[in-house]
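Encoded as structure tokens, the structure appears first; notes follow it.
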Amino acid sequence: MIERPLYDGVDLDVLAEMPNYYGWIMQIFQEHLCGKAIEFGAGSGSISSRLLPCVDELELVEPSANLVRLLRFRFGNLQTVKISPKTLEQRIAEPLAGLHQTVVAVNLLEHIKDDLEALNGFWRLLAPGGKLCLFVPALPMLMSALDRKFGHFRRYSLNPLTDMLANAGFLVIRAEYFDFLGLIPWLIVNRWGGVVNFNSAAVKVYDSVGVPVTKALESLISPRIGKNIIVIAEKPRS
């Protein structure tokens, strides 16, 4: 993961104002969350707070000093939470492995230069039968100046991503494009328009209006393209 000691997290503050969006992600993740869990790229804790009721223990891995302070303020008094101020590479290099039932990585893998090694690291951390809950930006054609500003190496296509997961040893349970309608404003505003910041008002409007519509449509039919990809993958038991 890119080490961000001075990362101010302003974009995370804006995206935290999307309860419907994060709730949608968590609705898909929820039945696969259990036991001892680890979240990589915990950021400001928007996903972390939603994971806590679903697991027994939660380790939050985050390299940014600013965000580590925020995580300690939010969760530091909880005995079931451990905060690890480390990069992904540092954490997956630690010798203890095979102890977790759940690994969560939301908007994280695109920051990793060697993403296959990251997936290999997730596999090593999981106990047999453990689940990886993964969420990444989709479609290389949507790669924008905003992606590059935030240190994204890539955006993903579905089949190459599932092939990479299989190469890392995972059994893919669910993998699909997510947020079809969201790719339209991203294409117009960020890809073509070159905007490199999130507009707080627009984010709130999309979360309150666009997300419920998109979620309802995608509950009826799985989209063939989308702004993101959501994956549930399992480390086989044998």
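Tabulated values for the structure
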quantity: Mean separation of Cα contacts under 8 Å (6+ apart) over length of the chain, as relative contact order %; calculated: 23 percent
quantity: Neighbourhood net charge (13 Å Cβ-Cβ; Lys/Arg +1, Asp/Glu -1) for Ile92; calculated: -3
quantity: The chain: calculated mean residue ellipticity at 222 nm from DSSP helix runs of at least 4, using -39500 (n - 2.57); calculated: -9000 deg cm²/dmol
quantity: Computed label-point distance, nm, for sites Asn197 and Ala145 using a 7 Å Cα→Cβ extension; calculated: 1.3 nm
quantity: For the range 224-237, Karplus couplings with θ = phi - 60° (6.51, -1.76, 1.60), whole Hz, Gly/Pro x; calculated: 7, 9, x, 6, 9, 10, 10, 9, 10, 10, 10, 7, x, 6
quantity: Sequence of Ile173, Ile83 when ordered by accessible area, the most exposed leading, probe 1.4 angstrom; calculated: Ile173, Ile83
quantity: Antiparallel bridge percentage (DSSP; both residues within the chain; nearest 5); calculated: 40 percent
quantity: Packing rank of 229-235, 25-31, where each peptide gets the mean count of other beta carbons within 10 Å, highest leading; calculated: 229-235, 25-31
quantity: Computed lengthening from Ser219 to Glu176, 0.36 nm per intervening residue step minus Cα-Cα distance; calculated: 14.3 nm
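The values are calculated or read from the model by the stated rules, or taken from the named source; none is laboratory data. Bear in mind the structure is a predicted one, so any value in this text is a computation, not a measurement. Every residue, glycine as well, gets a Cβ built from its backbone with ideal geometry; the counts of neighbours run over all protein chains shown. With ligands, DNA and RNA removed, areas are computed over all heavy atoms of the protein, side chains included. Shrake-Rupley method; radii C 1.70, N 1.55, O 1.52, S 1.80 Å.
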